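Notes follow once the structure below has been shown.
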There are 2 protein chains.
Amino acid sequence: MQILLIALDGLGDRPVSRGKTPLQLAKKPNMDRLAKGGISGISYPIGPGIVPGSDTGYLSLFGYDPYHFYVGRGILEALGSGAKVHEGDIAFRANFSTVDGKMNIIDRRAGRIDGKDADELAKSISKIIVKDRRGKDITFQFEHVHGHRCVLLIRGQDLSPMVSDTDMHVVGQVAWAKAINPSDDAKRTADALNEWLKKANAILKSHSTNKRRKERGLPEANFIITRGASMLTKGVPYKGASYSGIYGEAVSITPFKEKYKMDATCVASGFLYKGVARYIGMDVMSIDRKVGALHADLDEKVKAALSELKKGTDFVFLHFKGTDVAGHDGDWKAKVKFIEKADKAIAPFLKLKDTIIVVTSDHSTPCALKAHSADPVPILIHGPAGMIRPDHIAKFDEVSASHGGLDTLRHADVMPILLGLLGKAKMFGT
Amino acid sequence: MQILLIALDGLGDRPVSRGKTPLQLAKKPNMDRLAKGGISGISYPIGPGIVPGSDTGYLSLFGYDPYHFYVGRGILEALGSGAKVHEGDIAFRANFSTVDGKMNIIDRRAGRIDGKDADELAKSISKIIVKDRRGKDITFQFEHVHGHRCVLLIRGQDLSPMVSDTDMHVVGQVAWAKAINPSDDAKRTADALNEWLKKANAILKSHSTNKRRKERGLPEANFIITRGASMLTKGVPYKGASYSGIYGEAVSITPFKEKYKMDATCVASGFLYKGVARYIGMDVMSIDRKVGALHADLDEKVKAALSELKKGTDFVFLHFKGTDVAGHDGDWKAKVKFIEKADKAIAPFLKLKDTIIVVTSDHSTPCALKAHSADPVPILIHGPAGMIRPDHIAKFDEVSASHGGLDTLRHADVMPILLGLLGKAKMFGT
């Protein structure tokens, strides 16, 4: 028996037209068939009134309480990028931005730079060594993620994640990094980061790509702004037995394979999802990042998931991103369309035997809010005849699912329920 | 107002035929009438992904968190057998087994010995005193439970439950008991147990019943194997104010009558169920053990429960075993049949006034698994008009109940809900 967990990122929504949610409006015969043969419910990713991030939503779904195991998005994106993250490394989320001659930030996203321009510029500052006050080397690794988004990983002796954001989420004078606790480590880390920001600025502003951008009337990506410093402590890169928490609080993670006695593979394109998967010890397939876009062809991912299942992998996590993108864009028609595309794409899975199929999400991204919300998400669990108790629900959407046989649950319940169905749950008593 | 709680052991199941569970397939007009007039739900006995034992399932149902109060099956079966269990006593589950001349176990169940043979042999070793290394007496009490199953209770000074199982669940060379911690108490207890095992073997192998068995070509029940040592500490026999936990961890139990301000009587035939009831301070009716069998007449139990209710007992726990037996046998037709028989048997209860009737179970025993599972169990609560809010559910089964007004709950919620209906729940605030 294998498990295929299909997550449509940011799937949950609120009524957008004629009193219906995008899921209710979409034609999705395959998901409805799975709902009809399976058991449905509505799940709070973390709990009522908690707005999940994608990272905390998936951690919760895979049975890792985010209040214990959340390590910060910087580290997760760094892991997702494929960077080797070591104990004591500090990671930041970073943006390409535009400063004027007086070091005023005039565009926090450098005109939403992307593609070749971003890749070229990122390459020019991909590895810079800065000496700290004591003369020790600090290595700054920089990687383009997507759009204006990047990840910065720094490595050295006695670093501290207690440094302030240089991205203040508003335009205006550059906010240089400061220590946010009185330790010398924090002071030294902030100073080194500021020195790197200046070095990067010097390289970027004279880069030919930026000159070309200027000629084309595009904002130059001549400055980096950083946020969300997080540190991996007691960490073993990728698949080791113990990772650790934010701000130096050590946390020991039992890897997925050990915790559930199942092989697991993540089929996703975004760095964050891959990062969460690596963080909890799943294998990660190499999938082109561009497959994550709203208008992308989903068949490549579906094929990848099918091949993983064919190989006998116990647990395959298949991630579709478009629903979340449409939600953030506030474009419900695009969301409906993406759901319909995803529904067509998953058709081959309906022929699988000996496979439990789960369809759910990490959080709601209502189009009306253009942001994540605390609204619970629908979930369905479909399995071979005789394993699941099919309920009376024949449609997959937020409202139908809330009347289903699983009633209301939390993502923390999902893995235990699946283990129970598989016969892998532990007996307590006799 | 009185409460009658009817538990069909191992009732929950998965679809077995035409996509339906045994409960869905069974004709059970009385249970359906109770569901129609009552409120239904689906309940996790302990929690999602936890496979309950019968002992932990019922503890949970009666509001005793098994993670705090589970004392081990040995002690519970000993209590159920009627043995007086004292503080510091150690109990084991035990099997009649068969050894060859070289002390190889060749049959872990002595040909599933039962009845008169088992009773006679058990009597021959019912009370043996062994001297420990320090010259102190250790009393070994042995009692036949049912089939090849027995319970061994030992009493002495400074005993320890930290001794290994001598039942390794496989045939082969006898695995003598060993201390599983370095204490002298554990060593002394293991040594004394081994001495008793040899004494019992000497008595059993020359017993006339075994000679007769040999002549009839049946395996001799000439050896005892033990497992699951558990200790009652700080215990007061049966109904006292404080019992205690496994492995000497002291736990203080508030007896049912004190906790809920209700008299309570258990009507069950199996030692384990009686033992759980005694452990939490319920009264236990004397019911012939044979009434527990799959093909037994259930009317005797129903009459007993009715007479208890007539006497004015506040809470009556009525236990039917057959559903679990059929589940373990993997015989769904027998399960359907037993449900139908139980349904007929409970007809007299439908005439009761001023009585809340609960129908539920301790865990699922799906026929396809022939074992307990983590699947939740249906529950219905029926009461006098005006007390319960009847929902839209008119059938009693796993799927219908999951759509009921109680939605999904846990067994830990059941007693608080019943107290609330009775008006015995405490007000918090003003």
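FRET efficiency for the pair B:Lys84 and B:Asp299, taken as 1/(1 + (r/R0)^6) with r the Cβ-Cβ distance and R0 = 35 Å, rounds to 0.65. Annotation: for a label point projected 7 angstrom from Cα along Cα→Cβ of B:Lys424, residues of segment B:1-41 with backbone N closer than 19 Å are B:1-7.
Residues whose amide H lies under 5 Å from that of A:Arg109, counting only those 5 or more places away or on a different chain, are A:Thr98; hydrogens are built 1.01 Å from N in the peptide plane. From its DSSP helices (H runs of at least four residues, each -39,500 (n - 2.57)), the protein assembly as shown gives a residue-normalised ellipticity at 222 nm of -9000 deg cm²/dmol.
The H on the amide N of A:His363, modeled in the peptide plane, is under 5 Å from the matching H of A:Gly10, A:Leu11, A:Gly12, each at least 5 residues off or on a different chain. A:Gly423 label point (Cα plus 7 Å toward Cβ) to equivalent points in the other copies: 5.1 nm, shortest first.
Rounded to whole numbers, the Karplus 3J(HN,Hα) couplings from phi for segment A:108-119 are 6, 10, 6, x, 6, 3, 7, x, 4, 3, 5, 4 Hz, using 6.51 cos²θ - 1.76 cosθ + 1.60 with θ = phi - 60°, and x at Gly and Pro. Taken along its three principal axes, the alpha carbon spread of the protein assembly as shown comes to 106, 67, 60 Å, from the longest extent down to the shortest.
Cα centroids of segment A:357-430 and segment A:13-71: 8 Å apart.
Extending 7 Å from Cα along the Cβ direction at A:Thr254 and again at B:Ala394 yields two label points whose distance is 4.7 nm. For the rotation that carries chain B onto chain A, the axis lies closest to a Cβ at B:Asp407, 2, where the number is the distance in whole Å. May I ask which residue of B:Ile154, B:Ser361, A:Met262 lies farthest towards the positive end of the charge dipole of the protein assembly as shown, with charges of +1 (Lys, Arg) and -1 (Asp, Glu) on Cβ and the Cα centre as origin? Of the options given, the answer is A:Met262. Take every DSSP beta bridge whose two residues both sit in chain A; close to 65 percent of them are antiparallel.
Quote the FRET efficiency, to the nearest 0.05, computed for A:Asp158 versus A:Asp354 with a Förster distance R0 of 56 Å and r equal to the Cβ-Cβ distance. FRET efficiency, A:Asp158 to A:Asp354: 0.60.
What is the mean number of Cβ atoms from other protein chains located within 10 Å of the Cβ atom of each residue in peptide B:39-51, rounded to a whole number?
5
Estimated from the Cβ-Cβ distance and a Förster radius of 51 angstrom, the FRET efficiency linking B:Glu120 and A:Ala385 is about 0.60. Give me log10 I(q)/I(0) at q = 0.21, 0.23 Å⁻¹ for segment B:123-189, Debye formula, one equal scatterer per alpha-carbon, no solvent. Ignoring solvent entirely, the Cα scatterers give -1.05, -1.15. Please give the residues of segment A:333-357, grouped as numeric ranges, whose backbone N is less than 11 Å from a label point set 7 Å along the Cα-to-Cβ vector of A:Arg33. Those under the cut-off are A:344, A:346-352. If you take all other residues with their beta carbon under 12 Å from the beta carbon of A:Lys205, and give Lys and Arg +1 and Asp and Glu -1, the sum is +3.
Each residue of segment A:346-361 is assigned a 3J(HN,Hα), and the resulting list reads 7, 3, x, 5, 5, 8, 5, 10, 6, 9, 8, 10, 10, 10, 6, 8 Hz, derived from the Karplus form 6.51 cos²θ - 1.76 cosθ + 1.60 (θ = phi - 60°), x at Gly and Pro.
Spacing of the modelled spin labels on B:Thr139 and A:Arg14, each 7 Å from Cα toward Cβ, amounts to 7.2 nm. Which shape class applies to segment B:325-409: rounded if a/c is under 1.5, otherwise prolate when a/b exceeds b/c and oblate if not, where a ≥ b ≥ c are the square roots of the Cα gyration tensor eigenvalues? It comes out oblate by the Cα gyration axes.
Averaged over the residues of A:379-390, the number of partner chain Cβ atoms lying within 10 Å of the residue Cβ comes to 4.
Please report how far the C-alpha centroid of segment B:195-219 lies from that of segment A:108-147, rounded to the nearest whole angstrom. When both Cα centres are located, 82 Å separates them. Rounded to the nearest Hz, the phi-derived 3J(HN,Hα) couplings of segment A:79-85 under the Karplus curve 6.51 cos²θ - 1.76 cosθ + 1.60 (θ = phi - 60°) are 4, x, 6, x, 5, 7, 9, where x marks glycine and proline.
Net charge in the neighbourhood of B:Cys367 (other residues with Cβ under 15 Å of its Cβ; Lys, Arg +1, Asp, Glu -1) is 0. Projecting the Cα positions of B:Leu11, B:Leu409, A:His411 onto the charge dipole of the protein assembly as shown (unit charges on Cβ atoms of Lys, Arg, Asp and Glu, taken about the Cα centre) puts B:Leu11 furthest along the positive direction. The magnitude of the dipole of chain A, with charges of +1 and -1 set on the Cβ of Lys/Arg and Asp/Glu and taken from the Cα centre, is near 780 debye. What separates the B:Lys214 label point from its copies, with the point 7 Å along Cα to Cβ, is 10.6 nm, written shortest first. Rounded to the nearest 5, what % of DSSP beta bridges with both residues in the protein assembly as shown are antiparallel? The antiparallel proportion sits near 65 percent. Which one of B:Leu193, B:Val85, B:Met103 is farthest out on the positive end of the charge dipole of segment B:80-231, using unit charges on Cβ (Lys, Arg +1; Asp, Glu -1) and the Cα centre as origin? Projecting each Cα onto the dipole axis, the largest value belongs to B:Met103. Inter-chain neighbour count for B:404-411: the average number of beta-carbon atoms from partner chains within 10 Å of each residue's beta-carbon is 2.
Between amide H atoms placed 1.01 Å from N, distances below 5 Å from A:Val51 occur with no residue 5 or more places distant or on a separate chain. Inter-copy label distances at B:Lys178, shortest first and taken from points set 7 Å along Cα to Cβ: 6.4 nm.
The numbers here are math on the coordinates, done by the rules we state, and not lab data. As the structure is a computational prediction, the values presented were derived from the model and not from experiment. Counting neighbours? That spans all protein chains shown, and the Cβs are built from the backbone with ideal geometry, glycine included.
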